[in-house]
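Step one of this worksheet: look at the structure below.
Values in this text are rule-based calculations from the coordinates and carry no lab data. Since we're looking at a predicted model, the values are computed, not measured. Note that each Cβ is placed from the backbone with ideal geometry, even for glycine, and that neighbours are counted across all protein chains shown.
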């Protein structure tokens, strides 16, 4: 078990024949992901990277039985691609594209919400994210595959390269990951921390979770509430942006401290109060998880 | 991007939002002849800076005569302003707006923001305008009205009526107000704003409804469909920041002495935090982006080195999209073009890291490599001392 993706996932790539799409689709194929085709309007009927290309997501789903989408479409058209994938019946939509207008995502969220309320099972990850990987089974994103190792630590993060950093530390400690989810750095996004934590809590493969947050918004505070009330698995956190000046947007559209909301201090305080382990030094997060895992193992061995 | 008051009012004008008559905007070095002061007065002279609290800092003055208005405008231009929103730094007044003044019977606060949690535009309003909404939210949260708005339908008629009743808008201004509120929401959505604020919206002595101020923040991601906004200068950015933006590099100048080049916004933020933890201060936030090439790295170095405070440079790259050997070649290439006379600390990890480290080691460049962020930060702090 794992969350979102596994070895049975059938992936289609939107923006398959573009430069970014081609490069990363090839990387995913090399990793062993089951990419069953791609979507590029006007290029239907051709072949790319040895896989069929379709004009529409509907055609792709009909012909291949795909159940997950990976989107590399440029920002002006990416929101439309998310909706096309959802309309075609795709269950897990992962949007890598950076720079989608927020108002477009507001419209996307409205439609996805309506679909979910009507009983459809559809989950959006991203946009502006590195994607999702279940090590050894399926990589759907732009993360370097080799830093991962199959294991029992779930990782969820708002930032791409910070995710790699945490993953690499876990791997270097001799541990591995169940699934790694990059939820992205935009103010309006698909899955949030709470949605992801819920999946990890219910996943038999996941024994501990690393959550990498950053300044801006209140997703970390919401996560803290969930951790306190529902979560039984240990959660390890880092929150980036302690030294960021207020009022300036630190790269991510979502990473901005406005007034008294979204500050580093309020997030760290909430997470600590919820019983999560918060590391101040990012370089220590792998070791923190490993220490806990070892003591857990000892306790288990002792109880036997 | 944050717009100045007069730029925001130009957008308001296009949406039919009621404003006081404008007498002109003058820049540093302009003649006050550009101001059209032909009415009976009085006039209000307002410093155009991106900070609230202008009134208390002397940036908003009333003039009774045209001569006084001109004098005040000239005095205000070039003035250094520090308000509670400028974080102790002084902003120089480069532009001044002169509007016809009005007497104020009532002040109302209204804005449209993006509610991230609900993923929807939301009106925030209060019958008590003029003051800081943040303070009011702290002291009297019950006095703040929040009203979510549908992104496609805009503000519905019944919502506008409800808002007018909740704000105790007088019968005389009722229709004027509901039309205004609908237009404000339309401006927010159609201009791809992340904030549209009118503080205060006033009812004048002669019972007119007027937007006396404007604050608009737009979404940079949507500039491709707003050519007029894209052409406007970014008033908040420094010269180095603008230059970086033009070549697709995300750079924000800071006060420390360790220049940082990082890929990814989150890792860049974490790098600043780690430098601080190691006892130093970063000179900048710099995200080279995911697809940076050798050329871009070269330019990123040039930009970092433009800041004369920089005493050491820390490069922290975790290669995903961007491969480590490309970064390494960029570093080597850049050092041929730009003379880097200060210590350089490089930490590479990720795709093609072996090749990257080899390129650096064989380059003959004077640089230190580090295998973790913590090690790199400590080396950089030591080198800058």
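Axis angle, to the nearest 10 degrees, between helix A:160-172 and the longest C-alpha principal axis of chain A: 60 degrees.
Tilt of helix B:66-76 relative to the longest C-alpha principal axis of chain B, in degrees (0 to 90, nearest 10)? Long axis of B:66-76 versus the principal axis of chain B: about 20 degrees. According to the Kirkwood relation over distinct C-alpha pairs, the hydrodynamic radius of region B:149-247 is 15.7 Å.
For the protein assembly as shown, dividing the convex hull volume of the Cα atoms by the residue count gives 170 Å³ per residue. Taking region B:239-384 as the region of interest, what is the percent of Cα-Cα pairs per 10 angstrom bin, listed from the shortest bin to the one with the maximum distance? Result returned by the calculation: 13, 50, 35, 2. Neighbour counts of C-beta atoms inside 10 Å place B:260, B:23 in the sequence B:23, B:260, starting with the fewest. As an equivalent ellipsoid, region B:334-376 spans semi-axes of 18, 14, 8 angstrom, where each value is the square root of five times an eigenvalue of the C-alpha gyration tensor, largest first. Per residue, the Cα convex hull of region B:1-138 amounts to 143 Å³.
Shape of region B:67-147 from the C-alpha gyration tensor: prolate (a/c of 1.5 or more and a/b above b/c, with a ≥ b ≥ c the square roots of its eigenvalues).
For region B:143-184, the square roots of the Cα gyration tensor eigenvalues, ordered a ≥ b ≥ c, give a/c of at least 1.5 with a/b no greater than b/c, which places it in the oblate category.
For region B:1-81, the ratio of Cα radius of gyration to the globular rule of thumb 2.2 N^0.38 Å stands at 1.10.
Considered as an equivalent ellipsoid built on the Cα gyration tensor, region A:80-233 has semi-axes of 25, 17, 15 Å, the largest given first.
Normalised by the number of residues in chain A, the mean separation of alpha-carbon contacts (under 8 Å, six or more apart) gives a relative contact order of 14 percent.
Relative to the longest principal Cα axis of chain B, at what angle does helix B:294-306 sit, 0 to 90 degrees, rounded to 10? So the helix axis and the longest Cα principal axis differ by about 70 degrees.
Counts of other chain beta carbons within 10 angstrom of each beta carbon in peptide A:13-25 average 1.
Averaged over the residues of peptide B:108-120, the number of Cβ atoms from other protein chains lying within 10 Å of each residue's Cβ is 4.
With one equal scatterer per alpha carbon and no solvent term, the Debye-computed log10 I(q)/I(0) for region A:11-125 at 0.14, 0.15 1/Å reads -0.51, -0.59.
Panel note: the C-alpha atoms of chain B, placed on their principal axes, show extents of 79, 48, 39 Å (largest first). Dividing the radius of gyration of the alpha carbons in chain A by their Kirkwood radius gives 0.97 for Rg/Rh. This ranking places B:347, B:116 by how few other beta-carbon atoms lie within 10 Å of each, fewest first, which gives B:116, B:347. Across region A:143-300, Cα pairs under 8 Å and at least six residues apart give a relative contact order of 24 percent. Note on A:237-247: average number of Cβ atoms from other chains within 10 Å of each residue's Cβ is 6.
Mind pulling up the Rg/Rh value for region A:143-300? Radius of gyration and Kirkwood radius, both on Cα. Taking Rh as the inverse mean 1/r over Cα pairs, Rg/Rh reads 0.95.
Legend: ranking of residues B:33, B:287, B:325 from fewest to most surrounding C-beta atoms inside 10 Å; resulting order B:33, B:325, B:287.
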